[in-house]
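The values are calculated or read from the model by the stated rules, or taken from the named source; none is laboratory data. The structure presented is a predicted model; accordingly, all values stated were derived computationally and were not measured. Cβ sites come from the backbone with ideal geometry, for glycine too, and all protein chains shown count toward neighbours. These accessible areas exclude ligands, DNA and RNA; they are computed on the full protein's heavy atoms, side chains included. Shrake-Rupley method; radii C 1.70, N 1.55, O 1.52, S 1.80 Å.
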Amino acid sequence: MGDPLTLFAGIDVGASRTKVALIDSNKRLTGYAVEKSGVDFSKTAERCLKISLNMADAEKERIKYAVSSGYGRKNVPYSNETKTEIACHAKGCFHFFPEAITIVDIGGQDNKIIKLDDKGHRISFKMNRKCAAGTGAFLEEMSARLDIPLEDLNDLAAISTNMVKLGSYCTVFSGTEVLENIRNGKRIEDIVKGLFYSVIKRIVEMDSFSDKVVFTGGVVEHNPYMIEMAKEIFNKDILVPEHPQLTGAFGAAIYAMESVKA
Amino acid sequence: MAVEEKKVTIRRLKTAKDLGKFMADYYYELDDAVKSGKNKIAWCTSVGPAEILRGMGFLVYFPETHSAMLGTTRMATDLIPAANAIGYSPEICSYLTADIGAFIQGKTPLSKAFPGIESVPKPDVLVYNTNQCRDVQDWFAYYADKFNVPLVGVNSYRSVGEVTPSHTASIKMQLENMIEPLEKVAGRKFDMAVFKEAVRLSKECSDLWERVLATGSAKPAPLSFFDGTTLMGPAVVGRGTEAAIDCYNLLLEELEERVSAKIGVIDDEKFRLYWEGMPVWGRLSAHSKLFAGLGANVIASTYCSSWIFSALDPEDPFESMARAYTELFIVRDDDHKEKYIKEKIDFFKIDGIVYHNARTCPNNTNCLYGMPQRIENETGIPSLIIDGDLNDLRCLSDEQTKTNVEAFIEQLEENR
Ligand code: SF4
């Protein structure tokens, strides 16, 4: 048992959202925040820290070590060390599911697939490439085209009874396909489910998967129905940590704790 | 405080200057030949039949080297669209599109690098070998039309397993058939003795270059892949000449000194990596710093070894050229390529492989048909694929490359 007052901070500055997680010496989550990363990563990271400290009812001085991660990992003023988001997601997920797993992280701008062995060692990783297809950005673009608020997508997909399958794997082509389906009188909820389906399909194409699959990231945090669909497509149970969007930040915080111990 | 970027030391080779001088002399000689009309000029593909051309007194210019300069000077990305606009797709070889784009816009990096040179040397003949790809033929056909000069070439095999006598017989015949049209352009007879001498010099250059690259097996490695991409200049444009051999003797001496003094390119060589695919020319320095900053040295590559022609034999010049230019990695099937890479992994004591998925050159890209997975399964050596391109910087994301490389090194570190 460490000093109960000591805190460790993990900061995951993603291209779309910044996440901060504070943990204590027992790896308990004491405070966290998720904000749009915006254009000033440093400011956002500061703001997220403040919110997290408020939640933890703690002063900044109690943070013994901070590890930052994500695209803006080098822009965090109070960070002591950086790690890639791949390492942090792996660390965070293995904490919740300490076994051989394949992690699927659907982020705002990219997807990651990370394979761990039963000791938590990384066997391989892949990040999606070149285009927005299958990421949060794809859903954002489509919600704008359909003129539906992003937060309504999940409930719409869930009531679909006759999903429209979208064939293309390019965001621009998918956009055209969506318009065509609207013209042909297809129901919005069926199109939205089709969008979810295509996000999962892009993931399936990226790699092979081990027995246990863990989904993380903002997209599944806000669209839990996607997990239900993934279960069917993968034909297996899908594991999801309590705060799927925070896994990277949580992992970074564990790294922070280990750095102090090491 | 935000985490500071680490300062990295990358030790430069003294001989790089001599090699730089070699390249300057080479381009000035070509320029002079055009201005004075002293020599005829043949344009040749990088693994084309240069020795035959030397055997006829041609000065040989290699457009691919020019394209690589368009890449390193980062002029390529702005020039490629000009070629796209006349029908050469952004999806095809960005050496071709950059070079044709430069031609359309009347630009060349040569004039900045070598004051006094205003343009690329005008060709009298264009000579290709499709052993590397079909793009070179299309590329040269464009210039044959623009300059109204003959186009001759070898139509080679692709995906070759074992190189058999039937392969070499056909290539040999095509090489021999080139002589007559080339004689017409050269205005002189083919000289067997000069040709044999060119093959002998080429072989000597190739052997030296092979020894240069092999010094990378030392720990720490005295050179990197990034050094190799510029040091290979004489092996590409100067094979068949004495001057190239002189360069590599000097270079080898310096590298051997480094090896015996245990001086590496970087101070702390924690990981030794193999690069499979083309360099990203516009990011040579950035990539070399990126890896060095993580304690990783990319010490060997398939690419730099492409100018090793072990089969060349001056006593049997046509047959041995046919063999040497068909035995190349790029010409071979995946079985051969995998065996080759596995041998390199052992020889250079490699910890990880980086595959460059070059968008516009599938011919030099070997991560599209399951090879990384197969090699990883067999050897246990992990690999990373980075998306990019040789010349078209629109096809890459620096941030993604950086994250991928950092994450890969973290993985190697964690699994040590
Ligand atoms: S091998 Fe690739 S880079 Fe070289 S000329 Fe052919 S397509 Fe272009």
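Listing for the model above:
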quantity: Given (1) crowded, with 23+ Cβ neighbours inside 10 Å; (2) within 14 Å of the ligand (Cβ to nearest atom), index of the condition B:Phe62 fails; calculated: (1)
quantity: Residue that is surrounded by the most Cβ atoms within 10 Å (Cβ to Cβ), among those in segment B:126-156 that are within 16 Å of the ligand (Cβ to nearest atom) and charged (D, E, K, R); calculated: B:Asp135
quantity: Answer from B:Arg323, B:Arg332 - the residue that is more than 16 Å from the ligand (Cβ to nearest atom) and of a type in the set (D, E, K, R); calculated: B:Arg323
quantity: Top-ranked residue of segment B:100-115 - restricted to ones that are open to solvent by 40 Å² or more (accessible area, probe 1.4 Å) and either within 24 Å of B:Phe226 (Cβ to Cβ) or within 14 Å of another protein chain (Cβ to nearest Cβ) (or both), ranked as nearest to the ligand (Cβ to nearest atom); calculated: B:Ala113
quantity: Which listed residue is within 13 Å of another protein chain (Cβ to nearest Cβ), closer than 17 Å to B:Phe226 by Cα, open to solvent by less than 20 Å² (accessible area, probe 1.4 Å) and over 21 Å from the mean Cα position of the chain (by Cα), from B:Gly352, B:Gly388; calculated: B:Gly352
quantity: Total residues in segment B:251-286, condition assigned to a helix (DSSP H, G or I), within 16 Å of the ligand (Cβ to nearest atom) and either at pLDDT below 95 or small (Gly, Ala, Ser) (or both); calculated: 1
quantity: Restricting segment A:189-228 to residues that are among the aliphatic types (A, V, I, L, M) and open to solvent by 10 Å² or more (accessible area, probe 1.4 Å), the residue that is nearest to the chain's Cα centre (by Cα); calculated: A:Val219
quantity: Within segment B:82-99, considering residues that are over 16 Å from B:Leu393 (Cβ atoms) and surrounded by fewer than 18 Cβ atoms within 10 Å (Cβ to Cβ), the one nearest to the ligand (Cβ to nearest atom); calculated: B:Ser89
quantity: Residue within segment B:249-258 that is free of Cβ contacts under 8 Å to residues at least 40 places away in the same chain, more than 20 Å from the chain's Cα centre (by Cα) and more than 12 Å from B:Asp18 (Cβ to Cβ) present; calculated: yes
quantity: Failed criterion for B:Asn364 (all others in (1) within 14 Å of chain A (Cβ to nearest Cβ); (2) within 16 Å of the ligand (Cβ to nearest atom); (3) surrounded by fewer than 23 Cβ atoms within 10 Å (Cβ to Cβ) hold); calculated: (1)
quantity: Segment B:344-364 residues that are assigned by TED's automatic domain parsing to the domain that holds B:Ala218 and among the hydroxyl-bearing types (Ser, Thr, Tyr), paired with ones that are more than 13 Å from the ligand (Cβ to nearest atom) and open to solvent by 40 Å² or more (accessible area, probe 1.4 Å) (beta carbon under 7 Å, 6 or more apart); calculated: B:Tyr355/B:Ile385
quantity: The one condition in (1) open to solvent by 10 Å² or more (accessible area, probe 1.4 Å); (2) part of a helix (DSSP H, G or I); (3) not small (Gly, Ala, Ser) that B:Arg74 fails to fulfil; calculated: (2)
quantity: Where A:Ile103 falls short, out of the listed (1) modelled with pLDDT of 95 or more; (2) within 14 Å of chain B (Cβ to nearest Cβ); (3) surrounded by fewer than 18 Cβ atoms within 10 Å (Cβ to Cβ); calculated: (3)
quantity: Which listed residue is open to solvent by 20 Å² or more (accessible area, probe 1.4 Å) and facing another protein chain (nearest Cβ under 9 Å), from B:Arg394, B:Arg374, B:Arg359; calculated: B:Arg359
quantity: Extreme residue, nearest to A:Val220 (Cα to Cα), among residues of segment A:151-174 that are in contact (Cβ under 8 Å) with a residue 40 or more places away in the chain and open to solvent by less than 60 Å² (accessible area, probe 1.4 Å); calculated: A:Asn154
quantity: Yes/no for B:Pro123 being closer than 24 Å to B:Leu151 by Cα and within 12 Å of the ligand (Cβ to nearest atom); calculated: no
quantity: Unmet requirement for A:Ile63, which otherwise passes all of (1) open to solvent by less than 20 Å² (accessible area, probe 1.4 Å); (2) farther than 14 Å from A:His243 by Cα; (3) in contact (Cβ under 8 Å) with a residue 40 or more places away in the chain; calculated: (1)
quantity: Some residue of segment B:166-184 being of a type in the set (Gly, Ala, Ser), away from the ligand (no atom under 16 Å from the Cβ), closer than 30 Å to B:Thr73 by Cα and more than 14 Å from chain A (Cβ to nearest Cβ); calculated: no
quantity: Check on B:Asn404, surrounded by 21 or more Cβ atoms within 10 Å (Cβ to Cβ) and within 10 Å of chain A (Cβ to nearest Cβ); calculated: yes
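Conditions (1) within 25 Å of B:Ser306 (Cβ to Cβ); (2) of a type outside the set (Lys, Arg); (3) more than 14 Å from chain A (Cβ to nearest Cβ), marked per residue:
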| site | (1), (2), (3) |
| --- | --- |
| B:Leu13 | yes, yes, yes |
| B:Leu19 | yes, yes, yes |
| B:Phe22 | yes, yes, yes |
| B:Asp31 | no, yes, yes |
| B:Lys35 | no, no, yes |
| B:Asn39 | no, yes, yes |
| B:Thr45 | yes, yes, yes |
| B:Ala50 | yes, yes, yes |
| B:Gly57 | no, yes, yes |
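Every residue, every condition in (1) farther than 17 Å from B:Val237 by Cβ; (2) modelled with pLDDT of 95 or more; (3) touching a Ser or Thr at 6+ places or on another chain (Cβ under 9 Å), yes or no:
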{"site": "B:Tyr27", "(1), (2), (3)": "no, yes, no"}
{"site": "B:Ala33", "(1), (2), (3)": "no, yes, no"}
{"site": "B:Ile41", "(1), (2), (3)": "no, yes, no"}
{"site": "B:Gly48", "(1), (2), (3)": "no, yes, no"}
{"site": "B:Gly55", "(1), (2), (3)": "no, no, no"}
{"site": "B:Val60", "(1), (2), (3)": "no, yes, no"}
{"site": "B:Thr65", "(1), (2), (3)": "no, yes, yes"}
{"site": "B:Leu79", "(1), (2), (3)": "yes, yes, yes"}
